[in-house]
1. Test LEU88 against the criterion of being assigned by TED's automatic domain parsing to the domain that holds MET148 and at pLDDT below 95, and give yes or no.
2. All but one of (1) in contact with a helix residue (DSSP H, G or I) (Cβ under 9 Å, 6 or more places away or on another chain); (2) buried (at least 17 other Cβ atoms within 10 Å of the Cβ) hold for SER236; state the number of the condition that does not hold.
3. So is LEU276 more than 13 Å from ALA243 (Cα to Cα), touching a helix residue (DSSP H, G or I) at 6+ places or on another chain (Cβ under 9 Å), assigned by TED's automatic domain parsing to the domain that holds TYR231 and surrounded by fewer than 20 Cβ atoms within 10 Å (Cβ to Cβ) or not?
4. Could you say which residue among ALA117, ALA111 is in contact with a helix residue (DSSP H, G or I) (Cβ under 8 Å, 6 or more places away or on another chain) and either outside the structural domain of GLY369 (by TED's automatic domain parsing) or at pLDDT 95 or above (or both)?
5. For region 62-85, give me the residue count where each residue is part of a strand (DSSP E or B), of a type outside the set (Asp, Glu) and touching a helix residue (DSSP H, G or I) at 6+ places or on another chain (Cβ under 8 Å).
Amino acid sequence: MSLRGYSPQHKVYDEMGRITPNVEHSESVRPHAEFHIAPWVPVQRYDKALEHWISISLGKVVALDAVGNVVPAGLKKKFNVASGTTVLSYTANDVEAGVKDLTTGVAVTAAVDYTEAQVTAALRDKGVIGASERAFDFISKPIGIAPMNMYDSFASDPYDPTTFKYHNFQAQHQVSVLCDRVITVPHFPAKATAEEMNGALDNTTGALDWSTTARVGGWFGSKPLSELPKYDDVISDGDDIVAYSFEKHPVAKTTLATPISDSEGGLTSEVASVELVKAAGDFFIDEELGLLFLYEAGGNAIPSPFTTASTVTYFHYEDTVSSSDSRMQSFVVATGDVKFGTVLTYDEDSNLVPASLDFSAAEGYDSGGSVYSADPDFDSDSDAAIALQLQQAIDHHVFGVVGQVIGEERFPKAYLDRVRTLHPGATDPKNQLPGSATGGRTDQLSYSYSADRMLIVNLIMR
């Protein structure tokens, strides 16, 4: 019998509870994830202690391939080229390490080069990229940097023992990715080779006024040097000193890895200040202004043995270094005209470079399958093509940013450049004890063949 007006509700009781599914979380510094290095990444250098190959060095910018494995982020840049360009190379070192060939999926048996078209075709056949995608689509945008050396993958499938290279050795089972930290990175200088020291010496008033004139190399006498605010209290008109203005500046400090030389052999003794330039062969470099000070009686002529046909080779920070420079391929560095606040992206070697919104370098290919090489033509009727290029350029700029320069350290420190060890070691900086054998510079600088500047970079990983 039911009671009038009474309609009870019955609670369904679930003994296990109607709970909210768990959402896992971790610190963004090193997110919790089971990362593995891709087995097809070519090796870079050999770790004698572990007797194993390193594929990605500590500090390099990293990304993920379409399978979800960690790879050097620079491969996305390297793959974004004309179809006939070589983008992937395996050497005898990869054969020794047992690296898997990206195009075939089996171990590399001999040194081989692959073009962009070959890699694209192989990846399409594997089904890891679409029919309209290309090799660079196989690599993601950067996700972080390597907080450790990443060794050659121990297996094509880390969860399948039958794919292991060794059944009693794993250099690393998994790797982590650093996404949110402030790091230090060597500022790697570019090399100006055999710059011609041409042009007559200018000893007139205001000759060194660069406020209205483009910076060019040239000779200047003591009169314009005495007008520089930085030197007006130590140089007077008629003093025995002249200066050559480098075409590139700021100039890197002279070190074992970044020496200065000239075609005449006239640079024999570098001194610590302008006041100490007292005799032929003495020279002082103002790195910030890009001036090479030399002795010359009267300060009104090009000093012997130099002429307007002489050349000088030096290192500077004005230009980005080409990825073909083997000195910067192994260890992480930053290159280019970097200032405080400069936003950084990455290059083909997974190093840091200034980021710019360059439409001619939009990431991707046009409808004809050609890589972009020029700014879009707004006078044409191909509005869709222009829109695509602009979209790709903006996307690359926004999502390609990996950090920002927030500070700088200069070396040497603690007067270690004035201390000489009894055992300096070999002439190669990598074989010298950091400190007294490297002019007071850290191993970050000496091992990477950098000079005197260490950038402090705040990582920005969206």
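The values are calculated or read from the model by the stated rules, or taken from the named source; none is laboratory data. Keep in mind the model is a prediction, meaning the values are calculated, not measured. Here the Cβ positions follow ideal geometry from the backbone for every residue, glycine too, while neighbour counts run over all protein chains shown.
1. On the way: assigned by TED's automatic domain parsing to the domain that holds MET148: yes; at pLDDT below 95: no.
So LEU88 does not fit the description; no.
2. (2)
3. On the way: more than 13 Å from ALA243 (Cα to Cα): yes; touching a helix residue (DSSP H, G or I) at 6+ places or on another chain (Cβ under 9 Å): no; assigned by TED's automatic domain parsing to the domain that holds TYR231: yes; surrounded by fewer than 20 Cβ atoms within 10 Å (Cβ to Cβ): yes.
Against the criterion (more than 13 Å from ALA243 (Cα to Cα), touching a helix residue (DSSP H, G or I) at 6+ places or on another chain (Cβ under 9 Å), assigned by TED's automatic domain parsing to the domain that holds TYR231 and surrounded by fewer than 20 Cβ atoms within 10 Å (Cβ to Cβ)), LEU276 does not qualify.
4. Details: ALA117 fails: in contact with a helix residue (DSSP H, G or I) (Cβ under 8 Å, 6 or more places away or on another chain).
One residue alone meets the criteria, ALA111.
5. First, pick out the residues of region 62-85 that are part of a strand (DSSP E or B): 62-65, 70-72.
Filter once more, keeping what is of a type outside the set (Asp, Glu): 62-64, 70-72.
Now narrow it down to the ones that are touching a helix residue (DSSP H, G or I) at 6+ places or on another chain (Cβ under 8 Å): 63.
Here the count works out to 1.
Listed here are the residues, each with its yes/no results for (1) in the same structural domain as SER83 (by TED's automatic domain parsing); (2) surrounded by 14 or more Cβ atoms within 10 Å (Cβ to Cβ); (3) not in a helix (DSSP H, G or I).
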position: LEU357; (1), (2), (3): no, no, yes
position: SER373; (1), (2), (3): no, no, yes
position: PRO376; (1), (2), (3): no, yes, yes
position: ALA387; (1), (2), (3): no, no, no
position: GLN391; (1), (2), (3): no, no, no
position: PHE399; (1), (2), (3): no, yes, no
position: ILE406; (1), (2), (3): no, no, yes
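Results for (1) among the charged types (D, E, K, R); (2) at pLDDT 95 or above; (3) not in a loop (DSSP other than H, G, I, E, B), shown as yes or no for each residue.
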{"residue": "ASP157", "(1), (2), (3)": "yes, no, no"}
{"residue": "GLN170", "(1), (2), (3)": "no, no, no"}
{"residue": "ILE183", "(1), (2), (3)": "no, no, yes"}
{"residue": "LEU228", "(1), (2), (3)": "no, no, no"}
{"residue": "ALA243", "(1), (2), (3)": "no, yes, yes"}
